[in-house]
Amino acid sequence: MSKDCGNHGGGKEAAVRRICAAVIAFILIVLITIFLVWVILRPTKPRFVLQDATVYAFNLSQPNLLTSNFQVTLASRNPNAKIGIYYDRLHVYATYRNQQITLRTAIPPTYQGHKDDDVWSPFVYGTAVPIAPYNSVALGEEQGRGFVQLLIRADGRVRWKVGTLITGKYHIHVRCPAYINLGNKAAGVLVGDNAVKYTLVTKCSVNV
């Protein structure tokens, strides 16, 4: 009786080993397939352009407080012919000399198909945001000259879709220089009573 039980236990262990081996082999095949598809198709990161910025408010007050309100237009293009992009999360905000000067505005999650284009027009704003003293001085000087150099940023997570396969999440960082002529409203288009829309058409750097 004990001998039969021993053989029975050994059979269970062998079955478990076979199942584990099959699962590992399946996972390896899937990973190799994804890698080969990825290498063959050579996915290209999306392209971003900052088309314009509408300035509703930009006021620097003492002691070193900045109140600003923009609406920016970001255009994104997926250059891949066989790869789609899931934008699971994307937050847009403005910085000045590496200091964040607005709150982050979330872009709704979206899927960008092959060779597709998307355009987003989020508002980014900040009320009485404390600015570092040295940045406040530099910003005041730029305002005095008429031009202000900001950086519109977009940070988030993306996934790639290759056929029916969807990758894990990757970080995406978009950086768009914005040179705004605040000293000359005639350089833009009046929107309402006080807002001015400035055409920029600036290419953005993208890191994934």
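The values are calculated or read from the model by the stated rules, or taken from the named source; none is laboratory data. The model shown is predicted, which means the values in this text are computed figures rather than measured ones. Here the Cβ positions follow ideal geometry from the backbone for every residue, glycine too, while neighbour counts run over all protein chains shown. With ligands, DNA and RNA removed, areas are computed over all heavy atoms of the protein, side chains included. Shrake-Rupley method; radii C 1.70, N 1.55, O 1.52, S 1.80 Å.
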Checklist outcome for this item: Taking the range 124-137 and keeping only residues that are open to solvent by less than 30 Å² (accessible area, probe 1.4 Å) and out of contact with any Ser or Thr (no Cβ under 8 Å at 6 or more places or on another chain), one is left with I131, A132, N135, S136
Checklist entry - Pick from the range 163-208 the residues that are basic (K, R) and at pLDDT 95 or above: which of them is farthest from S68 (Cα to Cα)? => result K203
Next on the checklist: Residues that are open to solvent by 30 Å² or more (accessible area, probe 1.4 Å), of a type in the set (G, A, S) and at pLDDT below 95: does the range 103-123 have at least one?
Outcome noted: no
Next on the checklist: All but one of (1) at pLDDT 95 or above; (2) open to solvent by less than 80 Å² (accessible area, probe 1.4 Å) hold for G140; state the number of the condition that does not hold.
Outcome noted: (1)
Next on the checklist: So for the range 52-66 (the condition being modelled with pLDDT of 90 or more, touching a Lys or Arg at 6+ places or on another chain (Cβ under 8 Å), open to solvent by less than 50 Å² (accessible area, probe 1.4 Å) and among the hydroxyl-bearing types (S, T, Y)), does at least one residue qualify?
Outcome noted: yes
Item to check | Failed item in (1) of a type in the set (V, I, T); (2) surrounded by fewer than 14 Cβ atoms within 10 Å (Cβ to Cβ); (3) under 18 Å from the mean Cα position of the chain (by Cα), with V92 passing the rest | outcome: (2)
Checklist entry - Can you tell me which residue in the range 67-85 is farthest from the chain's Cα centre (by Cα), limited to those that are open to solvent by less than 40 Å² (accessible area, probe 1.4 Å) and aliphatic (A, V, I, L, M)? => result I83
